[in-house]
Each structure stands twice: as C-alpha cells, then as structure tokens.
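Asks: Here's a structure for you.
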Amino acid sequence: MKNINSRLWYLFAPLVFFNLSCAGDGDTPLENLLPTISNIDEILVGESHTAEGFTVTLSDGSLAHFFRIESGREASHVGNGGMVAKITSDDNGTTWSEPIIVYDSEYDDRNVHGGMTNEGRIVLFFRKYDAQQAIGLQLLHIFSDDDGLTWSEPSEIIPSKEGIEETYVGGTNEILFIPGRGYMQSIQGTGYLELRFSEDGIDWSDVGKIWDYTDNGEYLIDEVAFTLVGSDTLVGIIRDQAISNYYQVYSLDKGETWTEPIDTNIASDFFTVSPLIFTTEHNHLVVIASERGNKQLGPLNTQSGLWIYINEIDELSFPIDFSFFQKIDRPIKTEYFFYGYPTLEKINRDEYLIVFSDAFLKINNKENCNLYSIRLNY
C-alpha cells in the first residue's frame with residue numbers, strides 16, 4: 001500500500017478547548033489524551049469505481065469492508081453495473097484482498113451500509129437503483145451468519161410514508177444497540193428520516209421517531225449518522241441538502257423523545273455530505289465531516305477533505321458546540337468533488353480505522369472513485 005503524506009491543518013482559536021501540549025504529559029489522565037492522525041493509505045485504487053460502505057471485524061479477527069463496485073472504463077458514480085462487494089484484511093487493514101462480489105442484480109446495487117450485531121450477524125443494507133431510468137426501485141437488506149460466506153435472500157424495507165423518493169439507509173459505520181430497545185438503523189429521503197429497530201437484525205418493522213419535512217421543506221435533511229453516548233444519550237449528525245453544514249439531533253432517553261434539527265458549527269459555511277460520529281474508550285465524542293466546498297466544480301475543491309472534531313464526553317452540553325481538532329486534505333488534488341463518506345472500525349481501544357473514498361473525473365467524463373484509510377491512534 002502506498003502511503004500518502006497529508007497536510008494537517010490545525011486551528012488555534014478560542015473555540016478550541018483542547019490543550020494540545022498536554023498530550024503525553026505525566027499529569028494528564030490516559031483517557032483524556034488526544035489521538036494522533038496517521039497519513040492516508042491507499043486501500044483499493046484503480047480503474048473500477050469503488051466507494052462508500054462499512055467495515056466489520058470477523059470471528060477470526062480479520063476485517064471485512066463491504067462497498068459498491070463498478071468495473072471497467074465506463075464505471076461511474078451511477079450505473080447498472082454497480083454491485084455489492086467485499087475485501088478482507090488479515091493485518092488490521094494494512095493490506096487487503098482482491099474484491100469478491102456479494103450481490104449483483106441487473107440494476108445498480110448501491111448505497112451500501114450496515115454493520116454487525118452483538119451475536120456476529122452481518123446485516124447489509126443497499127438500494128436497488130435503475131441508472132438508465134434514474135429511479136430508485138427498492139431499499140433492501142441481506143444478512144449473513146457465517147462471516148459473509150453465505151447470505152440470505154434480499155428483504156425489502158418500505159418507508160412508513162408513501163411517496164418518499166430516493167430512499168436509502170443512512171447509517172454509515174455500525175448498527176447501534178440500544179439497551180431495552182434493540183438494534184437501530186435509519187432510513188431517509190430528502191426531507192425525511194425515520195428510525196427502525198430490530199431485535200435480531202432481520203425484522204426491521206419496528207418504527208421509531210420520524211422527522212418529516214417533505215410537505216413544508218423546512219429542513220432538507222438527508223444522510224445521517226448516529227452514536228450512543230453513555231447508556232441513555234443518542235446523538236445524530238444529519239446532512240443538509242442546501243448549501244449549509246450539518247444539523248444535529250439528540251435524545252436523552254434512549255430514543256424515546258428527540259429534538260428537531262439544530263444547526264452545528266461543523267465545517268461551517270461549506271457544503272458537507274455523509275458524516276461519521278462515534279465515541280472512543282478515551283472519553284471522546286468524535287465527528288468526521290466530508291467537506292465539498294461550495295457544491296460547485298472549481299479550485300475550491302482542491303482544498304476539500306475530512307474535518308475532525310473531538311469533544312470530551314464528560315464536558316458535553318446540549319446542543320453540542322463541536323470542537324475542531326484537525327483537517328485532513330483529500331488524497332486526490334482535483335477540482336472535482338471530494339467524495340468522503342467515512343466509516344469506522346475499532347481495531348482496539350487505542351486504534352480506530354477510518355475508511356473513506358475520493359474521486360476524480362476521467363477523460364471520458366465518467367467519475368472514478370477509490371478507497372483510502374486513515375487511523376486515529378492514542
């Protein structure tokens with residue numbers, strides 16, 4: 001794997017409440033040490049379009065990353081050649097196998113998300129999309145009880161409200177387990193978001209909170225990521241389809257009641273897409289934003305990348321004022337849009353693997369996209 005030097009931007013401003021000089025100080029508790037961010041590593045770079053997905057740890061300790069792949073020179077962001085694939089790693093993500101196809105239909109099988117239950121069941125959500133007609137067909141999920149060797153037949157998930165277009169699963173890094181309620185996932189379309197719960201990762205018919213702004217257009221909410229903070233608090237970060245940064249929503253009672261969307265200070269004034277939010281065993285709430293400039297092609301996109309925010313959990317107050325930590329420049333310097341879509345897998349309590357995508361426009365005007373990774377190390 002090729003190692004790419006990334007330019008790290010540090011923001012020293014009154015809003016940042018972390019004393020970077022204290023890291024490693026003998027008087028600083030271990031759980032309060034800030035992480036270091038590695039350089040960018042290539043995972044899967046080539047002619048095929050490889051993007052998004054989620055990563056899990058299998059029963060033998062190896063990693064598997066599930067994602068969308070479309071092969072060949074004509075591969076692009078959308079296309080009915082899109083398939084669900086996986087790659088595996090036996091060395092904690094340093095090297096990866098060649099892609100193996102998991103699911104392939106005559107349509108574009110895309111927007112791959114999911115995770116693993118506590119019992120080891122891999123649950124994979126994806127959207128079946130007709131690229132020729134430019135219309136979403138079905139939101140589906142499959143599951144595997146043998147580390148992804150064999151899979152169930154697809155089952156469809158239908159939104160609670162009729163007429164929701166372009167519906168797909170929003171979780172980007174894991175299936176959350178909520179004590180007393182079960183596993184949680186989210187589905188959404190523009191201006192619409194609903195939570196689903198499951199006891200086993202198979203039946204997702206239990207509907208939770210619904211945010212519906214399709215009639216009044218008050219919030220153009222879209223892609224979302226959630227995390228559980230402690231035992232009772234849930235925090236969600238939601239993409240805004242307008243030229244704005246993320247919203248936050250939160251629940252202080254295990255998802256029984258929720259706030260309406262609230263503006264955040266994350267990557268303020270820039271357009272942001274699918275976020276990542278998670279907690280670490282070092283008392284940190286981490287948000288990683290995918291920033292795409294002003295939503296237009298141009299020189300500003302060469303400066304796009306991942307914005308990392310870290311807050312100490314014990315000092316959180318709501319709504320959260322997110323503390324900027326570091327920016328990672330995108331690996332491909334191009335005026336085309338940064339792809340992003342980070343996903344997480346914990347290697348151990350001190351190491352977290354982040355897989356993300358980046359893209360450029362090929363000479364045939366098709367989008368090429370590749371997989372990369374960084375690591376948070378304590």
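The values are calculated or read from the model by the stated rules, or taken from the named source; none is laboratory data. Source: prediction; values computed, not measured. Reconstructed Cβ throughout: ideal geometry from the backbone, glycine too, with neighbour counts over all protein chains shown.
Each row is one residue, and each column tells you yes or no for (1) in a loop (DSSP other than H, G, I, E, B); (2) out of contact with any Ser or Thr (no Cβ under 8 Å at 6 or more places or on another chain); (3) at pLDDT below 95; (4) farther than 20 Å from Gln185 by Cβ.
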residue	(1), (2), (3), (4)
Val235	no, no, no, no
Ser268	yes, yes, yes, yes
Gly293	yes, no, yes, yes
Asn301	no, no, no, yes
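Asks: Moving on to the next point. Taking the criterion of being outside any strand (DSSP E or B) and within 23 Å of Ala225 (Cα to Cα), would at least one residue in the range 59-75 satisfy it?
Replies: Within the range 59-75 (the criterion being outside any strand (DSSP E or B) and within 23 Å of Ala225 (Cα to Cα)), the answer is no, since none of the residues qualifies.
Asks: Taking the stated definitions as given, is Ser323 under 25 Å from Arg110 (Cα atoms), out of contact with any helix residue (DSSP H, G or I) (no Cβ under 8 Å at 6 or more places or on another chain), surrounded by 16 or more Cβ atoms within 10 Å (Cβ to Cβ) and polar (S, T, N, Q)?
Replies: no
Asks: Restrict the check to the range 192-211 and report whether at least one residue is surrounded by fewer than 16 Cβ atoms within 10 Å (Cβ to Cβ) and of a type in the set (Gly, Ala, Ser).
Replies: Yes, there is a match, as at least one residue in the range 192-211 is surrounded by fewer than 16 Cβ atoms within 10 Å (Cβ to Cβ) and of a type in the set (Gly, Ala, Ser).
Asks: Now for a different question. Can you go through Val123, Val169 and tell me which one is under 28 Å from Glu74 (Cα atoms) and touching a Phe, Trp or Tyr at 6+ places or on another chain (Cβ under 8 Å)?
Replies: So the residue among Val123, Val169 that is under 28 Å from Glu74 (Cα atoms) and touching a Phe, Trp or Tyr at 6+ places or on another chain (Cβ under 8 Å) is Val169.
Asks: Would you list the strands (runs of 3 or more DSSP E) that sit entirely within the range 135-229 and hold 1 or more residues that are touching a strand residue (DSSP E or B) at 6+ places or on another chain (Cβ under 6 Å) and under 20 Å from Met83 (Cα atoms)?
Replies: 135-144
Asks: Quick check on the range 239-265: of everything there that is in a loop (DSSP other than H, G, I, E, B) and aromatic (Phe, Trp, Tyr), which residue is farthest from Leu176 (Cα to Cα)?
Replies: The qualifying residue farthest from Leu176 (Cα to Cα) is Tyr246.
Asks: Determine the pairs where a residue that is under 20 Å from Ile328 (Cβ atoms), located within the range 278-298, has a partner that is among the basic types (Lys, Arg) and part of a strand (DSSP E or B) with Cβ atoms under 9 Å apart, the partner being 6 or more residues away or on another chain.
Replies: Qualifying pairs under 9 Å: Phe278/Lys346; Thr280/Lys346; Ser290/Arg239; Glu291/Lys327.
Asks: Looking only at the range 83-121, filter to residues that are among the small types (Gly, Ala, Ser), in a strand (DSSP E or B) and in contact (Cβ under 8 Å) with a residue 40 or more places away in the chain; which one of those is farthest from Glu52 (Cα to Cα)?
Replies: Gly115
Asks: Among the residues of the range 326-335, are any of a type in the set (A, V, I, L, M), surrounded by fewer than 16 Cβ atoms within 10 Å (Cβ to Cβ) and closer than 24 Å to Thr57 by Cβ?
Replies: Within the range 326-335 (the criterion being of a type in the set (A, V, I, L, M), surrounded by fewer than 16 Cβ atoms within 10 Å (Cβ to Cβ) and closer than 24 Å to Thr57 by Cβ), the answer is no, since none of the residues qualifies.
Asks: Something else: Could you look through the range 54-65, keep only residues that are out of contact with any Lys or Arg (no Cβ under 7 Å at 6 or more places or on another chain) and small (Gly, Ala, Ser), and pick out the one that is surrounded by the most Cβ atoms within 10 Å (Cβ to Cβ)?
Replies: Taking the candidates together, the pick is Ser62.
Asks: Condition first: closer than 16 Å to Asn301 by Cβ and either free of Cβ contacts under 8 Å to residues at least 60 places away in the same chain or in a loop (DSSP other than H, G, I, E, B) (or both). Now tell me which residues in the range 335-361 satisfy that.
Replies: Selection gives Glu335, Tyr336, Phe337, Phe338, Tyr339, Asp358, Phe360, Leu361.
Asks: When you check Ile363 against the structure, is it among the aliphatic types (A, V, I, L, M) and surrounded by 24 or more Cβ atoms within 10 Å (Cβ to Cβ), yes or no?
Replies: no
Asks: Can you spot a residue in the range 362-373 that is free of Cβ contacts under 8 Å to residues at least 60 places away in the same chain, hydroxyl-bearing (Ser, Thr, Tyr) and outside any loop (DSSP other than H, G, I, E, B)?
Replies: no
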